[in-house]
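Notes to accompany the following structure.
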Ligand SMILES: Cc1ncc(COP(=O)(O)O)c(C=O)c1O
């Protein structure tokens, strides 16, 4: 299959009649969705718009079967040992909050995170500092954004309870050496939570082979519907924790005084779920596997190389992260001296319908520490073409000329 074969599946990439031609370079925020995902959701609303599990009629049976299938698909995608290890959430943020609130933290426990984490992997821990008296420690990267393994080993020697890192950074695209990180952490008795919001769209993750304890991802970054996600957790850990959001669908029975929780995963999926979203996520997992991660990485690298080389003569342009595009996946983040990043993004949009993200990308802590106001992030996926990237480079050069 070629890139063009895949592009046909994405409605927005195939404008009809006089519709605008959009160049979508914001996939790190949300990927586009293929029609297979949209149609799966549509079938839910038109053919079996019912509850899963709760009711016994034929419509509900269909939904239950499709939700089970989506869990199977996600389990297969991540290489989980048991399907029950897949908990449906709304997004990565919810997955991380679930772990932060369900694991048993005591005053003095150390949680170690990186120096360029998304707010979703920073604020939940800051709350635990206030509420439970944990200690939050920050491990900074090398100047080019790469992971500092020796500093990590040193930090572990202080007795860490949980290590929680962004597997791939949404800021600079750097992917961590998770195999080494997990081995070292486990040797010292620390649990490992990976924020895989940016890693899951671009690489094969095998949670069992890597021995990951918890992993959170967002469905909307892997071709799935908005507001869907997964928390993977080792069964033994999930079984031993208490859910933090409770109510309907989490219990087998209740009295006025107490209740009996359902087993994993039900005890973590409180209330009526986004069935259309979950079913759409199952379709997304299937689609992603059919594209394959080798093809995804190959295209992302090719496009990032064109962006990097094409822009290296733009005066005052500063790239965030390592110079080598092979180390930045589909992410190209930069700022230009003297030009407001939002202005660049707005002009790209107005001049050529190029959609990029500008600002601090929910990594305010890193920008504030560095004293950098903001940046522009162009993020690609396998459906972007060389021609689109060339237009991005060309328009960026035009902007530099006039501002
Ligand atoms: C690395 C990383 N972590 C966490 C998140 C939060 O994801 P969500 O908003 O889907 O919860 C994002 C979103 O961009 C991200 O890139």
Could we say that residue 392 is away from the ligand (no atom under 16 Å from the Cβ) and either more than 30 Å from residue 290 (Cβ to Cβ) or buried (at least 18 other Cβ atoms within 10 Å of the Cβ) (or both) here?
yes
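Just to be sure, is residue 141 outside any helix (DSSP H, G or I), within 26 Å of residue 331 (Cβ to Cβ) and either touching a helix residue (DSSP H, G or I) at 6+ places or on another chain (Cβ under 7 Å) or within 15 Å of the ligand (Cβ to nearest atom) (or both)?
For residue 141, the condition - outside any helix (DSSP H, G or I), within 26 Å of residue 331 (Cβ to Cβ) and either touching a helix residue (DSSP H, G or I) at 6+ places or on another chain (Cβ under 7 Å) or within 15 Å of the ligand (Cβ to nearest atom) (or both) - is met.
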Given (1) over 17 Å from residue 198 (Cα atoms); (2) without any contact (Cβ under 8 Å) to a residue 40 or more places away in the chain, identify the lone condition not met by residue 306.
(2)
Mind checking whether some residue in segment 32-47 is in contact with a helix residue (DSSP H, G or I) (Cβ under 7 Å, 6 or more places away or on another chain), at pLDDT 95 or above, over 30 Å from residue 263 (Cβ atoms) and within 16 Å of the ligand (Cβ to nearest atom)?
yes
What single numbered condition from (1) in contact (Cβ under 8 Å) with a residue 12 or more places away in the chain; (2) within 26 Å of residue 329 (Cβ to Cβ) fails to hold for residue 136?
(2)
Please go through segment 226-252 and pick out each residue that is within 16 Å of residue 102 (Cβ to Cβ), in contact with a strand residue (DSSP E or B) (Cβ under 8 Å, 6 or more places away or on another chain) and within 16 Å of the ligand (Cβ to nearest atom).
229, 230, 231, 232
Name the residues in segment 358-373 that are away from the ligand (no atom under 16 Å from the Cβ) and either touching a strand residue (DSSP E or B) at 6+ places or on another chain (Cβ under 8 Å) or assigned by TED's automatic domain parsing to the domain that holds residue 116 (or both), would you?
372, 373
If a residue must be free of Cβ contacts under 8 Å to residues at least 40 places away in the same chain and part of a helix (DSSP H, G or I), how many such residues does segment 5-29 contain?
3
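The rows are residues; the columns are (1) modelled with pLDDT of 95 or more; (2) surrounded by 20 or more Cβ atoms within 10 Å (Cβ to Cβ); (3) out of contact with any helix residue (DSSP H, G or I) (no Cβ under 6 Å at 6 or more places or on another chain).
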position	(1), (2), (3)
220	yes, yes, yes
288	yes, yes, yes
298	yes, no, yes
310	yes, no, no
Which one of these does residue 223 not meet: (1) more than 23 Å from residue 160 (Cβ to Cβ); (2) within 11 Å of the ligand (Cβ to nearest atom)?
(2)
When only residues in segment 169-180 that are more than 14 Å from residue 203 (Cβ to Cβ) and surrounded by 21 or more Cβ atoms within 10 Å (Cβ to Cβ) count, which is nearest to the ligand (Cβ to nearest atom)?
170
Hey, residue 119 hits all of (1) buried (at least 18 other Cβ atoms within 10 Å of the Cβ); (2) within 16 Å of the ligand (Cβ to nearest atom); (3) within 14 Å of the chain's Cα centre (by Cα) but one; which does it fall short on?
(1)
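The values are calculated or read from the model by the stated rules, or taken from the named source; none is laboratory data. On a predicted model such as this, the values are computed, not experimentally measured, just so you know. When we count neighbours, we look across all protein chains shown, and the Cβ atoms used for this are built from the backbone with ideal geometry, even at glycine.
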